[in-house]
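Heads up: the structure comes next, in structure tokens.
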Amino acid sequence: MSALLETNELTVSYGGLHANSNVNIKAEKGKLTGLIGPNGAGKTTFIDAITGFTNVSSGRAEFNGNDLAGVLPSDRAKQGLVRTFQSLELFEDLTVWDNLIVMAEETKWWSFLADIVKPNRVLGIEEQAEWALNLLGLGEHRDKLTLDLSHGQRKLVSVARALAAKPSMLLLDEPAAGLDTVESQQLGKHLREILKQDISIFLIDHDMGLVLSVCDYIYVLDFGKIIAEGTPEEVRNNPEVKRAYLGETAGEMQAEGGAAAARTLSGEG
């Protein structure tokens, strides 16, 4: 199967420092691809590079067979490459519904004229928002201000808002940060449901239990370089990953946590 997202020798340098160094990654259509690594490994920098939020990269990044060089972040999103941010970036003074509508609508200077000439266009936007809302189980919070939600619910709103744009690939930057174990497991179930909607996912997270339980394929980044890749089982048992990312003892504990989470998601636990 050909890759939906692919990088070739992608490097991001700030002065003499390589935040990413010759990173080669393939994320296939219909799959959930993970990227893990310790703090400072260069994970968010990688997402910034492929979504156009940094202009100090070299190498090549392709999305759906198209070279992304020189393409603005907004145009990459229009192509179907949509991301979330660690800081959530929600509109705190708007309701959950309004946050989704803002993302679902591609606003132009002539949008108000289009609404008059073609009122059904608005209905289509609302359908997208409704679909994203229901997919993540946020229907009961539709009319609440995002400021009034729990941290876990706000995380889901961030994901739902990105989904409202109907992307081909969703890039998630630390969506489980700050979530407890139950919330993380629920997020994992939602992510697998998203895959069924013909949306591929690229997941960055520190929650090894989540990543090992939901991803089809995982890359491990350390000091800006890919040090390992493979299936969750292969990554879980990789000695270099345990040493570089977790330490031997922590690696064994986290690996077992990932296996337990996988059993829970599959209904075996």
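Using a simple spin-label model with pseudo-atoms 7 Å out from Cα toward Cβ, Arg243 and Asp67 lie 3.9 nm apart.
By definition, a body whose alpha carbon gyration tensor gives a ≥ b ≥ c is oblate when a/c is 1.5 or more and a/b is not larger than b/c, and region 145-194 fits this oblate description. Summarising the label geometry, the points placed 7 Å from Cα in the beta-carbon direction at Val182 and Asp216 lie 3.2 nm from one another. By the rule of a C-alpha distance below 17 Å, with chain neighbours fewer than 8 residues away ignored, the aspartates and glutamates paired with Lys242 are Asp205, Asp207, Asp222, Glu229, Glu233, Glu234, Glu252, Glu256.
Length available on full extension from Ser150 to Asn55: 0.36 nm per residue minus the Cα-Cα distance, which gives 30.7 nm. Here the spin labels are modelled as points 7 Å beyond Cα on the Cα-Cβ line, and at Gln86 and Glu193 they lie 2.8 nm apart.
Each value in this text was obtained by applying a stated rule to the coordinates, not by laboratory testing. Predicted model, so just to flag it, every value in this text is computed and none were measured. Counting neighbours? That spans all protein chains shown, and the Cβs are built from the backbone with ideal geometry, glycine included.
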